[in-house]
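Remarks on the structure that follows.
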Amino acid sequence: MAMQTDVDLAILGGGAAGYSAAIYAARANLSTVVFEQAMPGGQITTTDIIENYPGITSISGAELGMRFQEHAEATGAETRYVSVEAVSHNEDGSFNLSYDAGTKLTAKALIVASGAVPRPVGFKGEDTYKGRGVSYCATCDGMFYKDKQVFVIGGGNAACEEGLFLTNFASHVCMVIRRNDFRAPQGVVNRVLAHEKISVKYETSIVELSGDALPSTITFRNNATGTCYNEEFKPGSFGIFVFAGTDPVTCLVTDFVDLGRDGGIQTDESMATKTPGLFAAGDVRSKRLRQVITAASDGAIAATSAYEYIKAL
Ligand SMILES: Cc1cc2nc3c(=O)[nH]c(=O)nc-3n(C[C@H](O)[C@H](O)[C@H](O)COP(=O)(O)OP(=O)(O)OC[C@H]3O[C@@H](n4cnc5c(N)ncnc54)[C@H](O)[C@@H]3O)c2cc1C
């Protein structure tokens, strides 16, 4: 018996991945619903300017997010502005998405595009100065620190790679490492240590960032001695990049997928997970580069795979 559902395809998350998937799915004539709990556009709405999406020299994150949503809805996809509270998998292979304390939608296939959230380190002022001196993405924001000093928090591979990348812009890069050594492969550590623009503060944490509209004081703690000290700067003359990892938002589907070492959902090249009909796209996947363009690419592939899956039912 044919599967009876409310829609063909449900998409969990209205970011770059979710809306890209929606555009491909709706254009393939699948009835498609996108669930979005916050601003359409996802993480990019938290950044002022996107300057690395092909064909668009410069655009605000909020504007790009709105364009994704308008484009998807113009092709026939629907957005429901709710938070999905639970996902279940029925015996016939369809999926239930529950929201608004009991409302359910059933779909033949599901694309999980719920994104990832940068992991904060938790110093005082971190949230206040997010986007105004505190960043979680060197690829995105590095060029705004041209000829300025930057501090990179973290001693892992990402922190080292991003610290090296930031030397392309910054006048100086100071790596701030909690312990007395890096936790990265020796090859990349050697490149960091040999770089003329990079210095390292070992056994050090940032405990506070303060100032007025823009930050001007960093309070460091020497973890070996417990001593705290301040460094003062001209407001806006420096930045702090935090690379404490990202947390993919997988909580609703952990029973149906395998997770990679970075906590992201493992998929094959067609964005399929281990559960038939369940696909993942964007930052929620286990992947190397978390950017708008890779999220959009994943979404297009996932929707194409979902279409093939549904047609074969
Ligand atoms: C500050 C910052 C600046 C950045 N700048 C750039 C840049 O300049 N260029 C670039 O290419 N990339 C940039 N990035 C990275 C880029 O934003 C991400 O790679 C991209 O947005 C990932 O898209 P996504 O659709 O996979 O996930 P997201 O954008 O995270 O979207 C996921 C969506 O799912 C929704 N969601 C999650 N759970 C639920 C639920 N239960 N119910 C309903 N909705 C749910 C969320 O609300 C969110 O809107 C930046 C990231 C940050 C944090």
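The values are calculated or read from the model by the stated rules, or taken from the named source; none is laboratory data. Since we're looking at a predicted model, the values are computed, not measured. Neighbour counts are summed over all protein chains in view; Cβ atoms, including those assigned to glycine, are modelled from backbone coordinates with ideal geometry. Please note that ligands, DNA and RNA were not included when accessible areas were found on the heavy atoms of the full protein model with its side chains. Shrake-Rupley method; radii C 1.70, N 1.55, O 1.52, S 1.80 Å.
Odds and ends about this structure:
- Length-normalised contact order for the chain - Cα pairs under 8 Å, 6+ apart - percent: 21 percent
- Of Leu214, Leu313, Leu278, the order by accessible heavy-atom surface (1.4 Å probe, DNA, RNA and ligands excluded), from most exposed downward, is Leu313, Leu214, Leu278.
- Pairwise label distance in nanometres, Glu63 with Asn230, each label 7 Å out on the Cα-Cβ vector: 3.9 nm
- Probe 1.4 Å, accessible area per residue of the stretch 1-87, Å²: 48 Å²
- Estimated distance in nm for a label pair at Asn168 and Arg132, the labels positioned 7 Å out from Cα along Cα-to-Cβ: 2.8 nm
- The stretch 120-242: antiparallel DSSP beta bridges as a percent of all, rounded to 5: 40 percent
- Added length on full extension, which subtracts the Cα-Cα distance from 0.36 nm per residue, Glu269 to Asn180: 28.1 nm
- Applying 1/(1 + (r/R0)^6) with R0 = 41 Å to the Cβ-Cβ distance of Thr254 and Tyr202 gives a FRET efficiency near 0.65.
- Probing with 1.4 Å while keeping every protein chain in the model, the per residue accessible area of the stretch 108-174 equals 40 Å².
- Surface composition of the chain: carbon plus sulfur atoms hold 49% of the accessible area, using a 1.4 angstrom probe and ignoring ligands, DNA and RNA.
- Ranked from largest to smallest solvent-accessible area, with a 1.4 Å probe on the protein heavy atoms, Val192, Val117 come out as Val117, Val192.
- Lysines with Cα under 25 Å of Lys197, excluding same-chain neighbours fewer than 8 positions away: Lys130, Lys146, Lys148, Lys234
- Solvent-accessible area per residue for the stretch 192-273 (1.4 angstrom probe, square angstrom): 51 Å²
- Cβ-Cβ FRET estimate between Ser237 and Ile49, R0 fixed at 25 Å, reported to 0.05: 0.80
- In a fully extended conformation the segment linking Arg288 and Leu214 would gain 23.4 nm over its present Cα-Cα distance, using 0.36 nm per residue.
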